[in-house]
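Report on the structure given below.
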Amino acid sequence: MPILIKDGYVIDPGRFVGPADVLIENGKIAALGQNLSAPVGSRTISARGKLVMPGLVDLHVHFREPGFEYKETIQSGSAAAVAGGFTTVCCMPNTNPVNDNQAVTEFILERSRLAGLANVLPIGAITKGSEGKELAEIGDLRRSGCVAISDDGKPVMNSLVMRRAMEYALAFGLTVVDHCEDLHLAEGGCMNEGLISTELGLPGIPAAAEDVMVARNLSLSELTGARLHLAHISTAGSVRMVGEAKRRGIHVTAEACPHHFMLTEELVRGYNTHAKMNPPLRTWADVQAIKDGLRDGTIDVIATDHAPHATQEKQQDFTEAPFGIVGLETALPLTLGLVEEGVLSLEQAVQKLTSAPAMAFGLDKGTLAVGADADVVIVDQQEQWEVDPTKFRSKSRNTPFAGWKVKGRVNVTIVDGRVVFETGVTER
(Lines give C-alpha, C1' and ligand atoms only; values in the text may rest on other atoms or scores of the structure.)
Protein backbone atom coordinates (compact mmCIF):
# COMPACT_ATOMS: atom_id res chain seq x y z
CA MET A 1 0.00 0.00 0.00
CA PRO A 2 1.39 3.46 -0.88
CA ILE A 3 1.84 5.83 2.06
CA LEU A 4 1.72 9.61 1.89
CA ILE A 5 3.21 11.46 4.87
CA LYS A 6 1.72 14.95 4.82
CA ASP A 7 2.80 18.30 6.22
CA GLY A 8 5.85 17.19 8.19
CA TYR A 9 9.11 19.02 8.82
CA VAL A 10 11.51 16.86 6.84
CA ILE A 11 15.16 16.49 7.83
CA ASP A 12 17.23 14.55 5.31
CA PRO A 13 20.76 15.55 6.36
CA GLY A 14 22.85 17.11 3.62
CA ARG A 15 19.96 16.92 1.14
CA PHE A 16 16.80 18.64 2.36
CA VAL A 17 15.52 20.42 5.46
CA GLY A 18 12.10 22.02 5.56
CA PRO A 19 8.33 21.48 5.34
CA ALA A 20 7.43 18.77 2.85
CA ASP A 21 5.41 15.65 2.10
CA VAL A 22 6.94 12.23 1.54
CA LEU A 23 5.41 9.65 -0.79
CA ILE A 24 6.26 5.98 -0.40
CA GLU A 25 5.48 3.41 -3.09
CA ASN A 26 6.66 -0.17 -3.57
CA GLY A 27 8.92 0.04 -0.54
CA LYS A 28 10.84 3.04 -1.89
CA ILE A 29 10.81 6.82 -1.52
CA ALA A 30 8.81 7.87 -4.57
CA ALA A 31 8.71 11.63 -4.09
CA LEU A 32 9.58 14.39 -1.63
CA GLY A 33 8.05 17.83 -2.00
CA GLN A 34 5.13 20.05 -1.09
CA ASN A 35 1.49 19.48 -1.92
CA LEU A 36 1.95 15.90 -3.08
CA SER A 37 -1.21 14.02 -3.97
CA ALA A 38 -2.14 10.66 -2.50
CA PRO A 39 -2.40 7.83 -5.03
CA VAL A 40 -5.61 5.82 -5.14
CA GLY A 41 -5.73 3.27 -2.35
CA SER A 42 -2.95 4.84 -0.34
CA ARG A 43 -2.76 5.58 3.37
CA THR A 44 -2.21 9.20 4.36
CA ILE A 45 -0.53 10.01 7.68
CA SER A 46 -0.52 13.54 9.04
CA ALA A 47 2.88 14.67 10.34
CA ARG A 48 1.82 18.24 11.04
CA GLY A 49 4.00 19.68 13.79
CA LYS A 50 6.31 16.65 13.70
CA LEU A 51 9.71 15.70 12.32
CA VAL A 52 10.03 13.31 9.39
CA MET A 53 13.48 11.73 9.14
CA PRO A 54 15.28 8.78 7.60
CA GLY A 55 15.06 5.72 9.79
CA LEU A 56 17.80 5.76 12.42
CA VAL A 57 20.87 3.56 11.95
CA ASP A 58 22.64 1.99 14.94
CA LEU A 59 26.09 0.57 14.28
CA HIS A 60 26.43 -1.12 17.67
CA VAL A 61 23.89 -3.45 19.27
CA HIS A 62 23.97 -6.80 21.03
CA PHE A 63 20.90 -8.91 20.29
CA ARG A 64 22.36 -11.95 22.12
CA GLU A 65 20.88 -14.54 19.75
CA PRO A 66 22.09 -17.22 19.27
CA GLY A 67 23.04 -18.41 22.74
CA PHE A 68 21.75 -15.86 25.23
CA GLU A 69 18.07 -15.61 24.33
CA TYR A 70 17.09 -15.08 27.98
CA LYS A 71 18.65 -11.60 27.70
CA GLU A 72 17.37 -10.64 24.24
CA THR A 73 16.33 -12.16 20.95
CA ILE A 74 16.45 -10.78 17.44
CA GLN A 75 12.66 -10.47 17.66
CA SER A 76 12.62 -8.52 20.95
CA GLY A 77 15.66 -6.47 20.01
CA SER A 78 14.09 -5.53 16.70
CA ALA A 79 10.89 -4.52 18.50
CA ALA A 80 12.93 -2.26 20.79
CA ALA A 81 14.74 -0.83 17.78
CA VAL A 82 11.66 0.23 15.83
CA ALA A 83 10.04 1.64 18.99
CA GLY A 84 13.12 3.84 19.30
CA GLY A 85 13.06 4.86 15.63
CA PHE A 86 15.90 2.59 14.50
CA THR A 87 15.19 0.89 11.20
CA THR A 88 18.68 -0.56 10.70
CA VAL A 89 20.89 -2.04 13.41
CA CYS A 90 24.26 -3.78 13.22
CA CYS A 91 24.67 -6.58 15.73
CA MET A 92 28.00 -7.48 17.29
CA PRO A 93 29.31 -11.05 16.97
CA ASN A 94 29.76 -11.96 20.67
CA THR A 95 26.99 -14.55 20.57
CA ASN A 96 27.26 -18.26 21.39
CA PRO A 97 28.51 -19.52 19.03
CA VAL A 98 30.44 -16.44 18.02
CA ASN A 99 29.48 -15.09 14.61
CA ASP A 100 32.75 -16.04 12.95
CA ASN A 101 31.31 -18.07 10.08
CA GLN A 102 28.74 -18.15 7.31
CA ALA A 103 26.27 -20.37 9.19
CA VAL A 104 25.81 -17.98 12.12
CA THR A 105 25.61 -14.98 9.81
CA GLU A 106 22.89 -16.61 7.75
CA PHE A 107 21.03 -17.64 10.91
CA ILE A 108 20.94 -14.01 12.11
CA LEU A 109 19.73 -12.76 8.73
CA GLU A 110 16.99 -15.40 8.63
CA ARG A 111 15.81 -14.56 12.16
CA SER A 112 15.71 -10.92 11.16
CA ARG A 113 13.60 -11.77 8.11
CA LEU A 114 11.18 -13.75 10.26
CA ALA A 115 10.91 -10.92 12.79
CA GLY A 116 9.91 -8.56 9.97
CA LEU A 117 10.79 -5.40 11.87
CA ALA A 118 14.19 -3.64 11.69
CA ASN A 119 16.92 -4.47 9.22
CA VAL A 120 19.35 -6.49 11.36
CA LEU A 121 22.79 -6.55 9.76
CA PRO A 122 25.45 -8.87 11.20
CA ILE A 123 28.97 -7.81 12.11
CA GLY A 124 31.38 -10.72 11.79
CA ALA A 125 34.18 -11.58 14.19
CA ILE A 126 37.74 -10.54 13.39
CA THR A 127 39.18 -13.74 14.83
CA LYS A 128 37.89 -17.27 15.25
CA GLY A 129 35.88 -17.48 18.45
CA SER A 130 36.89 -13.84 19.09
CA GLU A 131 39.94 -15.30 20.78
CA GLY A 132 42.34 -12.85 19.16
CA LYS A 133 44.60 -15.53 17.69
CA GLU A 134 43.60 -16.69 14.22
CA LEU A 135 41.72 -14.60 11.67
CA ALA A 136 38.17 -15.63 10.83
CA GLU A 137 37.30 -16.27 7.19
CA ILE A 138 36.72 -12.60 6.47
CA GLY A 139 35.87 -13.10 2.79
CA ASP A 140 33.21 -15.68 3.64
CA LEU A 141 31.74 -13.37 6.26
CA ARG A 142 31.53 -10.58 3.72
CA ARG A 143 29.91 -12.79 1.08
CA SER A 144 27.35 -14.17 3.55
CA GLY A 145 26.15 -10.71 4.56
CA CYS A 146 28.39 -9.20 7.26
CA VAL A 147 28.74 -5.42 6.98
CA ALA A 148 31.84 -5.00 9.18
CA ILE A 149 34.17 -7.03 11.39
CA SER A 150 34.85 -6.69 15.11
CA ASP A 151 35.79 -8.67 18.21
CA ASP A 152 33.76 -6.22 20.30
CA GLY A 153 33.96 -7.04 23.99
CA LYS A 154 37.25 -8.84 23.41
CA PRO A 155 39.70 -6.38 21.88
CA VAL A 156 42.36 -7.82 19.59
CA MET A 157 45.46 -7.44 21.75
CA ASN A 158 47.93 -8.83 19.20
CA SER A 159 48.93 -5.95 16.95
CA LEU A 160 50.12 -8.20 14.13
CA VAL A 161 46.76 -10.00 14.06
CA MET A 162 45.03 -6.62 13.97
CA ARG A 163 47.27 -5.47 11.12
CA ARG A 164 46.44 -8.55 9.08
CA ALA A 165 42.73 -8.12 9.82
CA MET A 166 42.88 -4.56 8.51
CA GLU A 167 44.67 -5.70 5.36
CA TYR A 168 42.05 -8.35 4.65
CA ALA A 169 39.20 -5.97 5.51
CA LEU A 170 40.59 -3.43 3.04
CA ALA A 171 40.67 -6.07 0.33
CA PHE A 172 37.04 -7.02 0.95
CA GLY A 173 35.74 -3.46 1.42
CA LEU A 174 34.86 -3.87 5.10
CA THR A 175 35.23 -1.49 8.03
CA VAL A 176 37.14 -2.74 11.07
CA VAL A 177 35.39 -1.89 14.34
CA ASP A 178 37.40 -2.01 17.55
CA HIS A 179 36.56 -1.93 21.22
CA CYS A 180 39.63 0.01 22.33
CA GLU A 181 40.83 -1.44 25.61
CA ASP A 182 44.23 -2.62 26.78
CA LEU A 183 43.20 -5.68 28.76
CA HIS A 184 46.35 -5.62 30.86
CA LEU A 185 45.80 -2.04 32.01
CA ALA A 186 42.10 -2.68 32.57
CA GLU A 187 42.45 -6.09 34.23
CA GLY A 188 40.05 -6.53 37.16
CA GLY A 189 38.60 -3.03 36.83
CA CYS A 190 34.89 -2.32 37.01
CA MET A 191 34.59 1.50 36.89
CA ASN A 192 36.66 4.53 35.96
CA GLU A 193 39.92 4.76 37.88
CA GLY A 194 40.03 7.89 40.00
CA LEU A 195 38.96 9.48 43.23
CA ILE A 196 35.51 7.91 43.27
CA SER A 197 36.80 4.38 42.64
CA THR A 198 39.22 4.90 45.53
CA GLU A 199 36.46 6.18 47.81
CA LEU A 200 34.20 3.22 46.92
CA GLY A 201 36.98 0.66 47.18
CA LEU A 202 36.36 -0.55 43.62
CA PRO A 203 39.13 -1.52 41.18
CA GLY A 204 39.43 1.03 38.40
CA ILE A 205 39.91 1.09 34.64
CA PRO A 206 42.23 3.99 33.73
CA ALA A 207 41.51 6.23 30.76
CA ALA A 208 44.89 5.12 29.43
CA ALA A 209 43.49 1.62 28.84
CA GLU A 210 41.38 3.12 26.06
CA ASP A 211 43.84 5.74 24.89
CA VAL A 212 46.69 3.26 24.32
CA MET A 213 44.56 1.10 22.02
CA VAL A 214 43.10 4.07 20.17
CA ALA A 215 46.66 5.17 19.40
CA ARG A 216 47.64 1.67 18.23
CA ASN A 217 44.60 1.26 16.00
CA LEU A 218 45.08 4.66 14.41
CA SER A 219 48.71 3.77 13.65
CA LEU A 220 47.66 0.47 12.07
CA SER A 221 44.95 2.17 10.02
CA GLU A 222 47.51 4.66 8.77
CA LEU A 223 49.90 1.80 7.93
CA THR A 224 47.35 -0.33 6.07
CA GLY A 225 44.95 2.26 4.66
CA ALA A 226 42.01 0.33 6.14
CA ARG A 227 38.75 1.92 7.23
CA LEU A 228 38.69 2.00 11.03
CA HIS A 229 35.66 2.67 13.21
CA LEU A 230 36.25 3.26 16.91
CA ALA A 231 33.40 2.02 19.06
CA HIS A 232 32.02 3.88 22.11
CA ILE A 233 34.92 6.25 22.76
CA SER A 234 34.78 7.70 26.26
CA THR A 235 37.91 9.71 27.03
CA ALA A 236 39.20 13.16 26.24
CA GLY A 237 42.42 11.53 25.01
CA SER A 238 40.52 9.44 22.47
CA VAL A 239 38.71 12.50 21.11
CA ARG A 240 41.98 14.39 20.78
CA MET A 241 43.73 11.54 18.94
CA VAL A 242 40.82 10.94 16.56
CA GLY A 243 40.76 14.62 15.67
CA GLU A 244 44.49 14.62 14.98
CA ALA A 245 44.21 11.44 12.90
CA LYS A 246 41.45 12.90 10.75
CA ARG A 247 43.54 15.98 10.07
CA ARG A 248 46.31 13.68 8.87
CA GLY A 249 43.91 11.92 6.50
CA ILE A 250 43.58 8.59 8.32
CA HIS A 251 40.39 6.73 7.36
CA VAL A 252 38.76 6.73 10.81
CA THR A 253 35.25 7.27 12.11
CA ALA A 254 34.20 7.24 15.74
CA GLU A 255 31.04 6.77 17.73
CA ALA A 256 29.85 7.99 21.12
CA CYS A 257 26.97 6.61 23.18
CA PRO A 258 24.33 8.65 25.02
CA HIS A 259 25.48 7.38 28.41
CA HIS A 260 28.97 8.71 27.74
CA PHE A 261 27.76 12.21 26.88
CA MET A 262 25.00 12.36 29.51
CA LEU A 263 26.44 10.68 32.62
CA THR A 264 29.59 10.66 34.74
CA GLU A 265 31.23 8.26 37.19
CA GLU A 266 29.29 9.99 39.99
CA LEU A 267 26.37 7.72 39.13
CA VAL A 268 28.31 4.72 40.45
CA ARG A 269 27.96 6.04 44.01
CA GLY A 270 25.62 3.70 45.82
CA TYR A 271 27.09 0.83 43.80
CA ASN A 272 24.47 1.25 41.11
CA THR A 273 25.05 -1.64 38.70
CA HIS A 274 22.98 0.12 36.03
CA ALA A 275 25.91 2.54 35.89
CA LYS A 276 28.34 -0.26 35.07
CA MET A 277 29.36 -0.41 31.43
CA ASN A 278 32.55 -0.86 29.43
CA PRO A 279 34.10 1.53 28.71
CA PRO A 280 33.03 2.95 32.06
CA LEU A 281 31.41 6.26 32.79
CA ARG A 282 34.20 8.80 33.02
CA THR A 283 34.70 12.30 34.45
CA TRP A 284 32.93 15.57 33.72
CA ALA A 285 35.96 16.65 31.67
CA ASP A 286 35.63 13.54 29.50
CA VAL A 287 31.90 14.19 28.99
CA GLN A 288 32.68 17.74 27.87
CA ALA A 289 35.31 16.43 25.46
CA ILE A 290 32.80 13.97 23.96
CA LYS A 291 30.31 16.82 23.47
CA ASP A 292 32.99 18.97 21.87
CA GLY A 293 33.90 16.07 19.59
CA LEU A 294 30.29 15.65 18.54
CA ARG A 295 29.97 19.39 17.93
CA ASP A 296 33.06 19.78 15.74
CA GLY A 297 32.60 16.51 13.83
CA THR A 298 35.50 14.59 15.36
CA ILE A 299 32.90 12.07 16.52
CA ASP A 300 30.81 11.13 13.49
CA VAL A 301 28.21 8.78 14.92
CA ILE A 302 25.90 8.31 17.88
CA ALA A 303 25.35 4.61 18.65
CA THR A 304 23.70 2.84 21.57
CA ASP A 305 25.88 -0.16 22.47
CA HIS A 306 22.53 -1.74 23.41
CA ALA A 307 23.65 -4.51 25.80
CA PRO A 308 20.77 -6.31 27.51
CA HIS A 309 21.20 -8.37 30.68
CA ALA A 310 18.72 -10.27 32.83
CA THR A 311 17.54 -8.57 36.01
CA GLN A 312 19.17 -11.11 38.31
CA GLU A 313 22.53 -10.55 36.63
CA LYS A 314 22.48 -6.84 37.42
CA GLN A 315 21.39 -7.54 41.02
CA GLN A 316 24.78 -8.99 41.91
CA ASP A 317 27.57 -7.15 43.74
CA PHE A 318 29.01 -4.35 41.62
CA THR A 319 32.24 -6.20 40.92
CA GLU A 320 30.35 -9.33 39.81
CA ALA A 321 27.56 -7.73 37.76
CA PRO A 322 28.05 -7.70 33.96
CA PHE A 323 28.93 -4.57 32.00
CA GLY A 324 26.27 -3.00 29.81
CA ILE A 325 22.96 -1.17 29.52
CA VAL A 326 20.08 -1.12 27.03
CA GLY A 327 19.74 1.97 24.87
CA LEU A 328 17.61 1.61 21.75
CA GLU A 329 14.44 3.06 23.25
CA THR A 330 16.07 6.09 24.88
CA ALA A 331 18.80 7.14 22.42
CA LEU A 332 16.73 9.52 20.31
CA PRO A 333 15.35 11.74 23.12
CA LEU A 334 18.75 11.79 24.83
CA THR A 335 20.35 12.92 21.57
CA LEU A 336 17.68 15.57 21.11
CA GLY A 337 18.72 16.76 24.55
CA LEU A 338 22.00 17.84 22.95
CA VAL A 339 19.97 20.01 20.59
CA GLU A 340 18.20 21.73 23.48
CA GLU A 341 21.57 22.17 25.18
CA GLY A 342 22.99 23.83 22.07
CA VAL A 343 25.68 21.21 21.49
CA LEU A 344 24.25 20.15 18.12
CA SER A 345 21.86 21.61 15.61
CA LEU A 346 18.81 19.51 14.86
CA GLU A 347 20.23 18.54 11.46
CA GLN A 348 23.56 17.55 13.03
CA ALA A 349 21.79 15.37 15.59
CA VAL A 350 19.78 13.60 12.90
CA GLN A 351 22.88 13.17 10.74
CA LYS A 352 24.77 11.40 13.55
CA LEU A 353 21.90 8.94 13.85
CA THR A 354 21.22 8.38 10.14
CA SER A 355 23.46 9.29 7.20
CA ALA A 356 26.76 9.36 9.13
CA PRO A 357 26.52 5.80 10.49
CA ALA A 358 25.33 4.56 7.10
CA MET A 359 28.37 6.15 5.47
CA ALA A 360 30.77 4.70 8.08
CA PHE A 361 29.85 1.15 7.06
CA GLY A 362 28.99 1.88 3.43
CA LEU A 363 25.31 1.10 3.93
CA ASP A 364 22.65 2.18 1.45
CA LYS A 365 20.54 3.63 4.27
CA GLY A 366 19.99 6.85 6.20
CA THR A 367 18.45 8.97 3.44
CA LEU A 368 15.09 10.03 2.02
CA ALA A 369 16.43 10.41 -1.51
CA VAL A 370 14.02 9.38 -4.24
CA GLY A 371 14.59 5.70 -4.98
CA ALA A 372 16.03 4.94 -1.54
CA ASP A 373 14.58 2.24 0.70
CA ALA A 374 11.52 3.63 2.46
CA ASP A 375 12.89 3.55 6.01
CA VAL A 376 11.26 6.53 7.68
CA VAL A 377 10.54 7.72 11.21
CA ILE A 378 8.03 10.35 12.35
CA VAL A 379 8.90 12.01 15.66
CA ASP A 380 7.03 14.36 17.98
CA GLN A 381 9.96 16.48 19.09
CA GLN A 382 7.94 18.20 21.83
CA GLU A 383 6.32 15.21 23.52
CA GLN A 384 7.57 14.76 27.06
CA TRP A 385 7.61 11.38 28.72
CA GLU A 386 9.17 9.48 31.59
CA VAL A 387 11.52 6.57 30.97
CA ASP A 388 9.78 3.50 32.41
CA PRO A 389 11.81 0.30 31.85
CA THR A 390 8.76 -1.87 32.52
CA LYS A 391 7.34 -0.59 29.23
CA PHE A 392 10.41 -1.39 27.14
CA ARG A 393 10.00 -3.70 24.17
CA SER A 394 13.41 -5.12 24.98
CA LYS A 395 13.44 -8.22 27.20
CA SER A 396 15.86 -6.45 29.55
CA ARG A 397 15.46 -3.45 31.85
CA ASN A 398 19.06 -2.49 32.63
CA THR A 399 19.07 1.27 32.12
CA PRO A 400 20.48 4.11 34.23
CA PHE A 401 17.85 6.46 32.79
CA ALA A 402 14.81 5.04 34.62
CA GLY A 403 12.63 7.87 35.87
CA TRP A 404 14.25 10.49 33.64
CA LYS A 405 11.93 13.05 32.06
CA VAL A 406 12.84 13.27 28.37
CA LYS A 407 11.46 15.03 25.31
CA GLY A 408 10.97 13.61 21.84
CA ARG A 409 9.01 10.48 21.02
CA VAL A 410 8.69 8.23 17.99
CA ASN A 411 5.15 8.17 16.60
CA VAL A 412 5.65 6.06 13.46
CA THR A 413 8.43 3.82 12.19
CA ILE A 414 8.36 2.57 8.60
CA VAL A 415 10.70 -0.12 7.27
CA ASP A 416 10.79 -0.95 3.57
CA GLY A 417 7.49 0.88 3.12
CA ARG A 418 5.72 -1.04 5.92
CA VAL A 419 4.50 0.58 9.14
CA VAL A 420 6.12 -1.54 11.86
CA PHE A 421 5.48 0.74 14.86
CA GLU A 422 2.97 3.47 15.53
CA THR A 423 1.44 5.38 18.40
CA GLY A 424 -0.45 8.65 18.55
CA VAL A 425 -0.98 8.76 14.78
CA THR A 426 -3.44 11.06 13.02
CA GLU A 427 -4.94 9.86 9.75
CA ARG A 428 -5.96 12.31 7.03
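The values are calculated or read from the model by the stated rules, or taken from the named source; none is laboratory data. A quick note: this is a predicted structure, and the numbers were derived from the prediction, not measured. Cβ: placed from backbone, ideal geometry, glycine included. Neighbour counts: every protein chain shown.
Restricting to helices (runs of 4 or more DSSP H) lying wholly in the stretch 286-360: which have 1 or more residues that are under 22 Å from residue 235 (Cα atoms) and not β-branched (Val, Ile, Thr)? Quick ask: steps written out before the conclusion?
On the way: elements: 311-314, 331-341, 346-353.
The qualifying helices (runs of 4 or more DSSP H) are 331-341, 346-353.
Applying the criterion of being closer than 14 Å to residue 194 by Cβ and free of Cβ contacts under 8 Å to residues at least 40 places away in the same chain to the residues of the stretch 241-292, the residue that is surrounded by the fewest Cβ atoms within 10 Å (Cβ to Cβ) is 284.
Residues are listed down the side, and each one gets a yes or a no for (1) of a type in the set (Gly, Ala, Ser); (2) in contact (Cβ under 8 Å) with a residue 40 or more places away in the chain:
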| position | (1), (2) |
| --- | --- |
| 358 | yes, yes |
| 363 | no, yes |
| 375 | no, yes |
| 386 | no, no |
| 394 | yes, yes |
| 398 | no, yes |
| 401 | no, yes |
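It is to be established whether one or more residues within the stretch 362-372 are in a loop (DSSP other than H, G, I, E, B), of a type in the set (Val, Ile, Thr) and over 18 Å from residue 302 (Cβ atoms). Yes, the stretch 362-372 has at least one match. Here 272, 278 are screened, and the one residue that is within 16 Å of residue 190 (Cα to Cα), polar (S, T, N, Q) and touching a strand residue (DSSP E or B) at 6+ places or on another chain (Cβ under 8 Å) is 278.
In the stretch 254-284, what residues are β-branched (Val, Ile, Thr) and either part of a helix (DSSP H, G or I) or touching a Lys or Arg at 6+ places or on another chain (Cβ under 8 Å) (or both)?
Taking the stretch 254-284 and keeping what is β-branched (Val, Ile, Thr), we get 264, 268, 273, 283.
264, 268, 273, listed by residue number.
Being in a strand (DSSP E or B) and either at pLDDT below 95 or under 30 Å from residue 398 (Cα atoms) (or both) is the filter here; which residues of the stretch 34-71 pass it? Talk me through it step by step, then tell me what you get.
Taking the stretch 34-71 as the starting set, the residues that turn out to be in a strand (DSSP E or B) are 43-46, 51-54, 56-61.
The answer is 51, 52, 53, 54, 56, 57, 58, 59, 60, 61.
Just one of the listed residues (313, 340, 329, 320) is in the same structural domain as residue 170 (by TED's automatic domain parsing), crowded, with 22+ Cβ neighbours inside 10 Å and over 26 Å from residue 252 (Cβ atoms), and it is 329.
In the stretch 20-32, is there at least one residue being polar (S, T, N, Q) and either more than 20 Å from the chain's Cα centre (by Cα) or closer than 13 Å to residue 306 by Cβ (or both)?
Looking for residues that are polar (S, T, N, Q) and either more than 20 Å from the chain's Cα centre (by Cα) or closer than 13 Å to residue 306 by Cβ (or both), one finds at least one in the stretch 20-32, hence yes.
For the stretch 184-214, the set of residues classified as assigned to a helix (DSSP H, G or I) and within 21 Å of residue 316 (Cα to Cα) consists of 186, 196, 197, 198, 199, 200, listed by residue number. The set of residues in the stretch 138-165 being surrounded by fewer than 24 Cβ atoms within 10 Å (Cβ to Cβ), more than 21 Å from residue 120 (Cβ to Cβ) and in contact (Cβ under 8 Å) with a residue 24 or more places away in the chain consists of 139, 154, 157, 158, 159, 161, 163, 164.
Please verify whether the stretch 222-245 includes one or more residues that are at positive phi, in contact with a Leu (Cβ under 8 Å, 6 or more places away or on another chain) and not aliphatic (A, V, I, L, M). First the steps, then the outcome.
Applying the first criterion (at positive phi) to the stretch 222-245 yields 225, 232.
Narrowing the set further to residues that are in contact with a Leu (Cβ under 8 Å, 6 or more places away or on another chain) leaves 225.
Applying the additional criterion that residues be not aliphatic (A, V, I, L, M) yields 225.
Yes; the residues of the stretch 222-245 include at least one that is at positive phi, in contact with a Leu (Cβ under 8 Å, 6 or more places away or on another chain) and not aliphatic (A, V, I, L, M).
Against the criterion of being crowded, with 19+ Cβ neighbours inside 10 Å, of a type in the set (A, V, I, L, M, F, W, C) and under 23 Å from residue 147 (Cβ atoms), residue 205 does not qualify. Pairs linking a residue in the stretch 293-308 that is under 20 Å from residue 84 (Cβ atoms) and not assigned by TED's automatic domain parsing to the domain that holds residue 251 to a residue that is modelled with pLDDT of 95 or more and part of a loop (DSSP other than H, G, I, E, B), with Cβ atoms under 9 Å and 6 or more positions apart or on different chains, do not occur.
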